[in-house]
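The values are calculated or read from the model by the stated rules, or taken from the named source; none is laboratory data. These figures come from a predicted structure and were not determined experimentally. Because the Cβ atoms are built from the backbone with ideal geometry, glycine has one as well, and the counts that use them run over all protein chains shown. Ligands, DNA and RNA are stripped out before the accessible areas are found, and what is left, the full protein with its side chains, is counted by its heavy atoms. Shrake-Rupley method; radii C 1.70, N 1.55, O 1.52, S 1.80 Å.
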Amino acid sequence: MLDALYGEHPAYPAFRERLLDTMRKAWADRAPDLKRLDLKRDLEPDWFQRPDMAGYVFYIDRFAGNLHNVLEKLDYLQDLGITYVHFMPCLKPRPGDSDGGYSVMDYRAINPAYGTMADFEQVTAELRKRGISVCIDLVLNHTAKEHDWAQRAAKGDPAYQDYYLMFDAPDLPKRYEETLVEVFPDNAPGNFTHYPDFGKWVWTTFNEHQWDLNWANPQVFLEIADIMLFLANRGVDVLRLDAVAFMWKRMGTRCQSEPEVHMLLQALRAVCRITCPAVLHLEEAIVAPAEMLPYLGRGRHDGKEGNLAYHNSLMVQFWSSLATRDTRLMTHVMGTHFPDRLTNATYATYIRCHDDIGWAVTDEDAAALHLSGPGHRAFLSDFYDGSFPGSFARGALFQENPATGDKRISGSFASLAGLEKAIAEGNMAEAEHATQRILMGHALIAAWGGIPLIYMGDELAALNDYSYRDTPEHAHDSRWIHRPRMDWTAAATRHDGLTHASRVWLGVRHILQRRRATPALHAAHPIRVVPCDIPQILAFRRDAPTGTLLCLFNFAESWAHVPEDWARAQGATRMQDELSNHPVETHHGNIALPPYARVWLA
């Protein structure tokens, strides 16, 4: 990979030796318990694909205040059944607006608001003792303009100016702009920023304060590899590589997912595989399936690139089917575009996260179901902002673009699923439906394979937090509506079963317990989406050596009846629901599924 990327660069021979020296030093500095973990995971390479993996994602300050206080909350995570935690951006960000922490000014320091690197190492060591893996974000496409490299570049140092994509005149930026898309058109239009004080146009894909790195410079690769190994030696188990699609630029393209991106990511993966093999790479690429799958390794990169990638399509199709009460589009997308298994890789499955929801439904997939792509995407935004007649949801628009019609959605799982509106209207029947929608979503990501990720508060049915409007640095960004502070009062009563929060928490914990007890949910076992004649039913099989598990999900508030003969033909021969751990009785040759039912039939 490196020969192909940098072989013609005059600094390449020296770069190779420096990279090897960096790796040797990182190995020598690696703590004995981390080297034992390296060996253990080498001997059990499927450790992250097993059904005992369950993730929890949170902002440190909103979950516990600081790193020291996280230690006091570990019993809560273990009680829920968590074996993987993702600390949302925790490396030192720039002051002020930092794009939620993704504008990093020092990769070797922790955000001072959360603590120190020593605090971080203490937390990772305690989590390691409890068998909980730690994931943190490493932004690869850009740094904050306050980063030391950027500061040196702004002062005119040519070596550091070559770390970034800088231009002396606007001609080339204008030519690039002809084919680029805008990520944040409302707040950060365009992809370049002019700095008169040092006379350069700087590539800024995301925000003015985020300067894109020049990955064609091997020195950038060396710097990032050194940072990766530094963080691995602090106890990080999973590096969430952020904004990877944008790493390589080519005139006349979108400058996304270019072939060199995959060469870079495979080379970075090899650096960790050699030096700290316990560490995984989660590659953040929220793109269409055909573009996403190469990040998990396809063709020449099969089994050698990312170990994890977000299953954005599963999330989008869940919300689409929930709004339409029709799973045919979901069945088409999930059954057509994805392989039944992956090599040395799996998905991070989720229903909600810290980000907005973009309706990644292509015109081609919509047309296959005789739908209008633009029409369906507009319907979903209208449904989930609550403006569509009969919608149960309460959400907020994000980055509405009148020119393209693109409208994305912010909102918490519970509010989008209908709980907020039901409580406000005193509609207990609809509140029950909302509760079941939340549990069905968690049962879906638990059954699909990979690592199900629970976003902080979803397990307690947290509602939208409208207080973000009163915080100046957040008021412009509706995504803060679903980034509330952890409700520890609700958490304290999680076992009583008397509130919506408690019922959801107990339900999610039960789902994770049953997932651990169901070997067929190992991510290496094939998953096959099964067409079902009942539009409101999603069906898929997990074909394990021990037998088939048929998973059924009812996406409507009406009952559905699935023929027993059909289910048996799909491999459900025992009629045992592994999710409830009870046998399933049939009625007049049918399996009766109540509203929003979810069953895992053995």
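Do we find that R152 is open to solvent by 70 Å² or more (accessible area, probe 1.4 Å), among the basic types (K, R), out of contact with any Ser or Thr (no Cβ under 8 Å at 6 or more places or on another chain) and within 22 Å of M251 (Cβ to Cβ) in this structure? No, not satisfied. Counting only residues that are surrounded by 17 or more Cβ atoms within 10 Å (Cβ to Cβ), more than 19 Å from E177 (Cα to Cα) and out of contact with any Phe, Trp or Tyr (no Cβ under 6 Å at 6 or more places or on another chain), the stretch 243-263 holds 3 of them. When residues in the stretch 290-323 are screened for being closer than 30 Å to S558 by Cβ and in contact with a Phe, Trp or Tyr (Cβ under 8 Å, 6 or more places away or on another chain), 10 of them pass.
Name the residue, out of A159, A125, A113, that is open to solvent by 30 Å² or more (accessible area, probe 1.4 Å), touching a helix residue (DSSP H, G or I) at 6+ places or on another chain (Cβ under 9 Å), closer than 30 Å to P51 by Cβ and of a type in the set (G, A, S).
Values: A159 fails: closer than 30 Å to P51 by Cβ; A113 fails: closer than 30 Å to P51 by Cβ.
A125 is the lone residue from the list that is open to solvent by 30 Å² or more (accessible area, probe 1.4 Å), touching a helix residue (DSSP H, G or I) at 6+ places or on another chain (Cβ under 9 Å), closer than 30 Å to P51 by Cβ and of a type in the set (G, A, S).
The conditions of being among the polar types (S, T, N, Q), open to solvent by 10 Å² or more (accessible area, probe 1.4 Å) and closer than 28 Å to T83 by Cα are not met by Q219.
Tell me the residue from A323, A348 that is touching a residue at least 12 places away in the same chain (Cβ under 8 Å), under 12 Å from the mean Cα position of the chain (by Cα) and not in a loop (DSSP other than H, G, I, E, B), please.
From the options A323, A348, the qualifying one is A348.
When P89 is tested against (1) part of a loop (DSSP other than H, G, I, E, B); (2) at pLDDT 95 or above; (3) more than 16 Å from R240 (Cβ to Cβ), just one condition goes unmet, and that condition is (3).
Which one is most open to solvent (accessible area, probe 1.4 Å) among residues in the stretch 491-505 that are farther than 20 Å from G426 by Cβ and assigned to a helix (DSSP H, G or I)?
Going residue by residue through the stretch 491-505, those that are farther than 20 Å from G426 by Cβ are 491-497, 505.
Filter again for assigned to a helix (DSSP H, G or I), leaving 491-492, 505.
Values: A491: 2, A492: 78, W505: 0 Å².
Among residues in the stretch 491-505 that are farther than 20 Å from G426 by Cβ and assigned to a helix (DSSP H, G or I), the one most open to solvent (accessible area, probe 1.4 Å) is A492.
Which one of these is modelled with pLDDT of 95 or more and under 30 Å from A54 (Cβ atoms): A243, A225, A216, A232? Give the steps one after another, and end with the answer.
On the way: A243 fails: modelled with pLDDT of 95 or more; A225 fails: under 30 Å from A54 (Cβ atoms); A216 fails: under 30 Å from A54 (Cβ atoms).
Selected residue: A232, the only one of A243, A225, A216, A232 that is modelled with pLDDT of 95 or more and under 30 Å from A54 (Cβ atoms).
Here F383 fits the description: among the aromatic types (F, W, Y), part of a helix (DSSP H, G or I) and either at pLDDT 95 or above or surrounded by fewer than 22 Cβ atoms within 10 Å (Cβ to Cβ) (or both). One residue stands out among those in the stretch 534-573 that are within 18 Å of A434 (Cα to Cα) and among the polar types (S, T, N, Q): the one that is surrounded by the fewest Cβ atoms within 10 Å (Cβ to Cβ), which is S558.
Listed here are the residues, each with its yes/no results for (1) of a type outside the set (S, T, N, Q); (2) assigned to a loop (DSSP other than H, G, I, E, B); (3) farther than 28 Å from A309 by Cα.
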{"residue": "R16", "(1), (2), (3)": "yes, no, yes"}
{"residue": "D21", "(1), (2), (3)": "yes, no, yes"}
{"residue": "K25", "(1), (2), (3)": "yes, no, yes"}
{"residue": "D33", "(1), (2), (3)": "yes, no, no"}
{"residue": "D52", "(1), (2), (3)": "yes, yes, no"}
{"residue": "V57", "(1), (2), (3)": "yes, no, no"}
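Checked against (1) in a loop (DSSP other than H, G, I, E, B); (2) free of Cβ contacts under 8 Å to residues at least 40 places away in the same chain, A366 passes all but condition (1). Quick check on the stretch 65-77. Is at least one of its residues crowded, with 17+ Cβ neighbours inside 10 Å, within 30 Å of A216 (Cβ to Cβ) and among the hydrophobic types (A, V, I, L, M, F, W, C)? Within the stretch 65-77, none of the residues are crowded, with 17+ Cβ neighbours inside 10 Å, within 30 Å of A216 (Cβ to Cβ) and among the hydrophobic types (A, V, I, L, M, F, W, C). Among the residues of the stretch 429-455, those that are surrounded by 21 or more Cβ atoms within 10 Å (Cβ to Cβ), not in a helix (DSSP H, G or I) and not small (G, A, S) comprise I451, P452, L453, I454, Y455.
Which residues, taken from the stretch 186-216, are in a loop (DSSP other than H, G, I, E, B) and either open to solvent by less than 30 Å² (accessible area, probe 1.4 Å) or without any contact (Cβ under 8 Å) to a residue 12 or more places away in the chain (or both)? Before the answer, list the steps.
Taking the stretch 186-216 first, the residues in a loop (DSSP other than H, G, I, E, B) are 186-187, 189-191, 196-199, 204-209, 214-216.
Correct list: P189, G190, N191, P196, T204, T205, F206, N207, H209, N214, W215.
A Cβ distance below 7 Å, combined with a sequence gap of six or more or placement on separate chains, defines the contacts here; from the stretch 548-566, residues that are farther than 18 Å from T324 by Cβ reach residues that are acidic (D, E) and surrounded by 15 or more Cβ atoms within 10 Å (Cβ to Cβ) in the pairs L549/E578.
Within the stretch 239-268, how many residues turn out to be assigned to a helix (DSSP H, G or I) and either out of contact with any Leu (no Cβ under 9 Å at 6 or more places or on another chain) or within 22 Å of H354 (Cβ to Cβ) (or both)? Walk me through it before giving the result.
Quick first cut of the stretch 239-268, residues assigned to a helix (DSSP H, G or I) only: 244-246, 259-268.
Now drop any that are not either out of contact with any Leu (no Cβ under 9 Å at 6 or more places or on another chain) or within 22 Å of H354 (Cβ to Cβ) (or both), which leaves 244-246, 259, 261-262, 266.
Count: 7.
Which one of these does L463 not meet: (1) at pLDDT 95 or above; (2) in a loop (DSSP other than H, G, I, E, B); (3) open to solvent by less than 10 Å² (accessible area, probe 1.4 Å)? With respect to (1) at pLDDT 95 or above; (2) in a loop (DSSP other than H, G, I, E, B); (3) open to solvent by less than 10 Å² (accessible area, probe 1.4 Å), L463 is out only on (3).
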